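> Handing you a structure now.
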Amino acid sequence: MRATNPVFSGLPTTIFTTMSALAVEHQAINLGQGFPDDEGPDDLRALAAKGLIEGPNQYPPMMGLPTLREAVATANHRFHGLDVDWRTEVLVTSGATEALADCLLALLAPGDEAIVIEPAYDSYRPIIEAAGATPVSVALEAPHWSLPVEKLKAAFTSKTKLIILNNPMNPTGKVFHRDELQLIADLVIEHDCYAVCDEVYEHLVFSGARHIPLMAFPGMYERCARIGSAGKTFSLTGWKVGYITAGTALMDAIGKTHQFVTFTTVPALQKAIAMGLGKEDAYFEKLASSLEAKRDLLAAGLRRAGFDVMTADGTYFLNVDFTALGYNEPDTEFCRRITKEAGVAAIPLSAFYGDSENAPRNLIRFCFCKKDEILEEAIARLERFARGKAA
Ligand code: PMP
Ligand code: GLN
């Protein structure tokens with residue numbers, strides 16, 4: 001038998017699937033894979049259900065239902081002051097995962113380089129490589145996840161076609177500051193390249209931090225493809241509805257890629273998400289404030305258990321240094337250990353690095369978008385586990 005594509009067949013199953021399976025096997029509380037444990041807004045689900053029954057259920061337009069494209073353009077203006085033409089500059093996708101693939105396949109050609117800021121979401125590298133391009137890593141510096149300016153500058157070469165910027169950032173919880181974004185914008189313009197902006201956590205921002213899309217910086221509108229996800233904004237991760245905002249030149253190429261990746265997305269879900277994006281400010285404020293309270297609940301509990309807890313200003317995630325508990329083993333081992341011995345699953349940060357040799361091995365990620373009683377039980381289990389080690 002001839003070999004399959006080594007980019008994909010050489011990869012293990014994703015760490016999210018692996019840790020979720022281990023959590024089920026050991027009946028552990030799953031604070032690994034990032035998904036909320038509620039069902040999402042009732043009104044959106046009712047509208048989607050009505051749409052499934054009443055139709056239409058045939059192919060919607062390739063770029064997405066006009067009602068959702070208009071809602072995405074309106075939300076871009078409402079939340080970020082961006083003026084977007086919904087007819088030519090918005091595309092609906094089957095999740096941000098498809099949106100990322102569309103953008104990377106549309107923009108990268110063999111021989112190009114793509115800068116990836118690590119720790120990085122795991123779908124970026126394989127798609128870059130499948131496009132025949134080379135990922136170039138720039139690692140943020142723990143524990144404050146600071147941007148190494150000189151290393152970032154040095155990563156840009158004549159071959160650089162784009163940078164992927166995940167902001168707010170999974171797994172770090174970092175929300176990039178205005179001056180960091182300006183620096184990235186300056187480099188993108190100086191080297192005449194593009195930015196694929198993974199902004200799926202745009203509404204999950206805390207502690208008074210503010211999310212600013214790179215696309216909003218002067219000279220950046222035509223160079224950015226900005227990606228959103230209804231999964232995160234409406235706690236409906238299984239729906240897989242995403243959207244891309246990009247200037248017409250980029251969107252032309254991205255739309256042509258999308259037409260051969262999925263072509264369209266379930267129309268009833270698109271209609272419901274259009275309604276969701278029009279929700280009053282209170283919905284978006286409550287989404288962020290309730291997650292912020294959960295972050296604080298989990299952070300305080302993890303600190304009590306003895307972990308060294310890192311700052312997180314956005315996303316679903318908190319990271320901790322577990323060596324403070326007296327364990328001196330790789331993060332992957334420690335995640336397996338707490339899944340089995342404490343009954344709480346987490347994700348090892350080394351999974352977010354292309355080369356695990358250069359990855360930190362002392363950090364793990366916990367997801368806090370869970371019911372308070374689940375978080376409290378997880379904390380109690382981790383406290384018992386930590387006391388066992390101390391005893
Ligand atoms: N990018 C990042 C940084 C993510 O955390 C996720 C969530 N899983 C995605 C993209 C994919 O989003 P979606 O579920 O909409 O495909
Ligand atoms: N984005 C989710 C996380 O980081 C996982 C999505 C997936 O399982 N592919 O946990």
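> Of the numbered conditions (1) in contact with a strand residue (DSSP E or B) (Cβ under 8 Å, 6 or more places away or on another chain); (2) more than 21 Å from residue 311 (Cβ to Cβ); (3) part of a loop (DSSP other than H, G, I, E, B), residue 192 fails exactly one; give the number of that condition.
Checking residue 192 against (1) in contact with a strand residue (DSSP E or B) (Cβ under 8 Å, 6 or more places away or on another chain); (2) more than 21 Å from residue 311 (Cβ to Cβ); (3) part of a loop (DSSP other than H, G, I, E, B), the one that fails is (1).
> Please work out which one of (1) free of Cβ contacts under 8 Å to residues at least 24 places away in the same chain; (2) closer than 23 Å to residue 162 by Cβ; (3) not hydrophobic (A, V, I, L, M, F, W, C) is the condition residue 87 fails and give its number.
Among (1) free of Cβ contacts under 8 Å to residues at least 24 places away in the same chain; (2) closer than 23 Å to residue 162 by Cβ; (3) not hydrophobic (A, V, I, L, M, F, W, C), residue 87 violates only (2).
> Check whether at least one residue in the range 126-134 is within 16 Å of ligand 2 (Cβ to nearest atom) and at pLDDT 95 or above, and report yes or no.
At the first step, the residues of the range 126-134 found to be within 16 Å of ligand 2 (Cβ to nearest atom) are 126-127.
Pick out the ones that are also at pLDDT 95 or above and you get 126-127.
Yes, the conditions are met somewhere in the range 126-134.
> Can I ask one more? So, in the range 235-268, exactly how many residues are within 11 Å of ligand 1 (Cβ to nearest atom) and either assigned to a helix (DSSP H, G or I) or surrounded by fewer than 24 Cβ atoms within 10 Å (Cβ to Cβ) (or both)?
4
> Next question. Which one of the conditions (1) surrounded by fewer than 16 Cβ atoms within 10 Å (Cβ to Cβ); (2) in contact with an Asp or Glu (Cβ under 9 Å, 6 or more places away or on another chain) does residue 136 fail to meet, given that it meets all the rest?
(1)
> Kindly establish whether residue 299 is surrounded by fewer than 16 Cβ atoms within 10 Å (Cβ to Cβ) and within 30 Å of residue 234 (Cβ to Cβ). Break it down stepwise before answering.
Details: surrounded by fewer than 16 Cβ atoms within 10 Å (Cβ to Cβ): no; within 30 Å of residue 234 (Cβ to Cβ): yes.
No: the conditions fail for residue 299.
> Among the residues of the range 32-87, how many are within 16 Å of ligand 2 (Cβ to nearest atom) and either acidic (Asp, Glu) or part of a helix (DSSP H, G or I) (or both)?
Residues meeting the conditions: 1.
> Find all pairs meeting these conditions: Cβ atoms under 9 angstrom apart; at least six residues apart or on different chains; first residue within the range 303-327 and farther than 15 Å from residue 367 by Cα; second residue within 16 Å of ligand 2 (Cβ to nearest atom) and not hydrophobic (A, V, I, L, M, F, W, C).
Qualifying pairs under 9 Å: 322/331.
> Considering only the range 302-336, state which residues are of a type in the set (Val, Ile, Thr), over 24 Å from residue 168 (Cα atoms) and surrounded by fewer than 19 Cβ atoms within 10 Å (Cβ to Cβ). Even if it seems obvious, please write down each step before you answer.
The initial filter retains those residues of the range 302-336 that are of a type in the set (Val, Ile, Thr), namely 309, 311, 315, 320, 323, 332.
This time we only want the ones that are over 24 Å from residue 168 (Cα atoms), so: 323, 332.
Selection gives 323 alone.
> Here is a further query. Cβ contacts < 9 Å: first residue among the aromatic types (Phe, Trp, Tyr), restricted to the range 43-65; second residue surrounded by fewer than 16 Cβ atoms within 10 Å (Cβ to Cβ), any location; separation 6+ or different chain. Result?
Hits for this filter: 59/263.
> While we're here: Pick out the one residue from 288, 272 that is open to solvent by less than 10 Å² (accessible area, probe 1.4 Å) and touching a Leu at 6+ places or on another chain (Cβ under 7 Å). Give the steps one after another, and end with the answer.
Working: 288 fails: open to solvent by less than 10 Å² (accessible area, probe 1.4 Å).
The unique qualifying residue is 272.
> Now, a different point. Quick check on residue 137: is it away from ligand 2 (no atom under 15 Å from the Cβ) and touching a residue at least 40 places away in the same chain (Cβ under 8 Å)? Give the derivation first.
On the way: away from ligand 2 (no atom under 15 Å from the Cβ): yes; touching a residue at least 40 places away in the same chain (Cβ under 8 Å): yes.
Against the criterion (away from ligand 2 (no atom under 15 Å from the Cβ) and touching a residue at least 40 places away in the same chain (Cβ under 8 Å)), residue 137 qualifies.
> Output the residues belonging to the range 139-168 that are more than 21 Å from the chain's Cα centre (by Cα), surrounded by 14 or more Cβ atoms within 10 Å (Cβ to Cβ) and among the polar types (S, T, N, Q).
160
Residue by residue, here is whether (1) surrounded by 23 or more Cβ atoms within 10 Å (Cβ to Cβ); (2) in contact with a Ser or Thr (Cβ under 9 Å, 6 or more places away or on another chain) holds:
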| position | (1), (2) |
| --- | --- |
| 56 | no, no |
| 64 | yes, yes |
| 69 | yes, no |
| 86 | no, yes |
| 92 | yes, yes |
| 102 | yes, yes |
| 108 | yes, no |
| 113 | no, yes |
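> Looking for whichever is open to solvent by less than 50 Å² (accessible area, probe 1.4 Å), small (Gly, Ala, Ser), within 16 Å of ligand 1 (Cβ to nearest atom) and touching a residue at least 60 places away in the same chain (Cβ under 8 Å) here; the options are 351, 378, 359, 342. Which one fits?
Numbers: 378 fails: within 16 Å of ligand 1 (Cβ to nearest atom); 359 fails: within 16 Å of ligand 1 (Cβ to nearest atom); 342 fails: within 16 Å of ligand 1 (Cβ to nearest atom).
After applying the criteria, what remains is 351.
> Quick test of your reading of the structure: residue 231 fulfils all but one of (1) in a helix (DSSP H, G or I); (2) more than 16 Å from ligand 2 (Cβ to nearest atom); (3) in contact (Cβ under 8 Å) with a residue 24 or more places away in the chain; (4) more than 19 Å from residue 82 (Cβ to Cβ). Name the failing condition by number.
Here residue 231 meets the rest and fails (2).
> Also: Pick out the one residue from 198, 252 that is more than 22 Å from the chain's Cα centre (by Cα) and within 21 Å of residue 102 (Cα to Cα). Outline the logic, then answer.
On the way: 198 fails: more than 22 Å from the chain's Cα centre (by Cα).
Checking each option against the conditions leaves just 252.
> Can you tell me which residue in the range 1-31 is nearest to ligand 2 (Cβ to nearest atom), limited to those that are assigned to a loop (DSSP other than H, G, I, E, B) and over 17 Å from residue 125 (Cβ atoms)? Steps first, answer last, please.
Here is the first cut: in the range 1-31, the ones assigned to a loop (DSSP other than H, G, I, E, B) are 1-5, 10-14, 26-28, 31.
Restricting the remaining residues to those that are over 17 Å from residue 125 (Cβ atoms) gives 1-4, 26-28, 31.
On the way: 1: 28, 2: 29, 3: 25, 4: 21, 26: 19, 27: 20, 28: 15, 31: 10 Å.
That would be 31.
The values are calculated or read from the model by the stated rules, or taken from the named source; none is laboratory data. Since we're looking at a predicted model, the values are computed, not measured. As a convention, Cβ positions derive from the backbone with ideal geometry for all residues, glycine included, and neighbour counts pool all protein chains shown. Note: areas computed on protein heavy atoms with side chains; ligands, DNA, RNA excluded. Shrake-Rupley method; radii C 1.70, N 1.55, O 1.52, S 1.80 Å.
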